[in-house]
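Notes follow once the structure below has been shown.
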Amino acid sequence: MIGEINQENLYLLLPSKVSCLASMLVEYKGISIVDAIKKIYASKLYKKLKVESTKMWHLGPVALYEDFMEENYI
(Lines give C-alpha, C1' and ligand atoms only; values in the text may rest on other atoms or scores of the structure.)
Protein backbone atom coordinates (compact mmCIF):
# COMPACT_ATOMS: atom_id res chain seq x y z
CA MET A 1 0.00 0.00 0.00
CA ILE A 2 1.22 3.47 -0.89
CA GLY A 3 0.91 5.80 2.07
CA GLU A 4 2.23 8.98 0.53
CA ILE A 5 3.08 9.79 -3.06
CA ASN A 6 6.67 10.96 -3.45
CA GLN A 7 9.28 10.97 -6.19
CA GLU A 8 10.49 7.50 -5.21
CA ASN A 9 7.10 5.79 -5.65
CA LEU A 10 5.46 8.00 -8.28
CA TYR A 11 6.53 5.53 -10.97
CA LEU A 12 3.84 3.17 -9.67
CA LEU A 13 1.08 5.52 -10.87
CA LEU A 14 2.50 6.40 -14.27
CA PRO A 15 1.60 3.24 -16.25
CA SER A 16 -2.11 3.62 -15.53
CA LYS A 17 -2.03 7.32 -16.47
CA VAL A 18 -0.22 6.57 -19.73
CA SER A 19 -2.54 3.67 -20.49
CA CYS A 20 -5.69 5.77 -20.10
CA LEU A 21 -4.27 8.60 -22.14
CA ALA A 22 -3.07 6.25 -24.89
CA SER A 23 -6.49 4.60 -25.08
CA MET A 24 -8.12 7.98 -25.51
CA LEU A 25 -5.72 8.90 -28.31
CA VAL A 26 -6.46 5.63 -30.09
CA GLU A 27 -10.21 6.12 -29.76
CA TYR A 28 -10.47 9.83 -30.57
CA LYS A 29 -7.56 10.33 -32.96
CA GLY A 30 -7.39 6.94 -34.66
CA ILE A 31 -3.67 6.41 -34.17
CA SER A 32 -2.13 3.09 -33.22
CA ILE A 33 -1.54 2.24 -29.58
CA VAL A 34 2.21 2.09 -30.19
CA ASP A 35 2.24 5.55 -31.77
CA ALA A 36 0.10 6.90 -28.94
CA ILE A 37 2.46 5.56 -26.28
CA LYS A 38 5.51 6.89 -28.13
CA LYS A 39 3.95 10.34 -28.42
CA ILE A 40 3.05 10.39 -24.73
CA TYR A 41 6.50 9.36 -23.51
CA ALA A 42 8.12 11.97 -25.78
CA SER A 43 5.78 14.76 -24.67
CA LYS A 44 6.28 17.73 -22.40
CA LEU A 45 3.24 16.51 -20.49
CA TYR A 46 5.00 13.26 -19.56
CA LYS A 47 8.09 15.16 -18.45
CA LYS A 48 5.86 17.08 -16.03
CA LEU A 49 3.82 14.01 -15.07
CA LYS A 50 6.87 12.07 -13.91
CA VAL A 51 7.93 14.84 -11.50
CA GLU A 52 6.01 14.57 -8.23
CA SER A 53 6.30 18.26 -7.36
CA THR A 54 4.19 19.28 -10.40
CA LYS A 55 1.26 17.32 -8.92
CA MET A 56 0.19 16.41 -12.47
CA TRP A 57 -0.39 12.88 -11.19
CA HIS A 58 -3.51 14.24 -9.46
CA LEU A 59 -5.15 14.87 -12.83
CA GLY A 60 -7.62 12.44 -14.33
CA PRO A 61 -7.55 11.09 -17.89
CA VAL A 62 -9.70 13.85 -19.40
CA ALA A 63 -7.57 16.65 -17.97
CA LEU A 64 -4.38 14.90 -19.08
CA TYR A 65 -5.85 14.37 -22.56
CA GLU A 66 -6.77 18.05 -22.83
CA ASP A 67 -3.28 19.12 -21.72
CA PHE A 68 -1.71 16.68 -24.16
CA MET A 69 -3.85 17.92 -27.05
CA GLU A 70 -3.00 21.56 -26.30
CA GLU A 71 0.65 20.65 -26.54
CA ASN A 72 0.53 18.37 -29.57
CA TYR A 73 -2.37 19.30 -31.88
CA ILE A 74 -2.65 15.75 -33.22
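Of the listed residues Tyr41, Tyr11, Tyr65, the order by accessible area with a 1.4 Å probe, largest first, is Tyr11, Tyr41, Tyr65.
When both region 1-34 and region 38-71 are represented by their alpha-carbon centers, they are found 9 Å apart.
Using a 1.4 Å probe, how large is the accessible area of Leu12, given in Å² and rounded to the nearest 10? The value for Leu12 is about 90 Å².
Of Val62, Val26, Val18, the residue with the largest accessible area leads and the full order is Val62, Val26, Val18 (1.4 Å probe). Counting only protein heavy atoms and a probe of 1.4 Å, the accessible surface of the chain is 58% carbon and sulfur. Summing charges over all other residues whose Cβ lies under 13 Å from the Cβ of Leu12, with Lys and Arg as +1 and Asp and Glu as -1, gives -1. Summed over the residues of the chain and divided among them, the accessible surface reaches 65 Å² per residue at a probe radius of 1.4 Å. Across the chain, Cα-Cα distances exceeding 15 Å account for 50% of all pairs.
The values are calculated or read from the model by the stated rules, or taken from the named source; none is laboratory data. Given the structure is predicted, the values throughout are model-derived calculations rather than measurements. For neighbour counting, all protein chains shown are included, and Cβ atoms are generated from backbone atoms with ideal geometry for every residue, glycine included. SASA here: full protein model, heavy atoms, side chains in, ligands and nucleic acids out. Shrake-Rupley method; radii C 1.70, N 1.55, O 1.52, S 1.80 Å.
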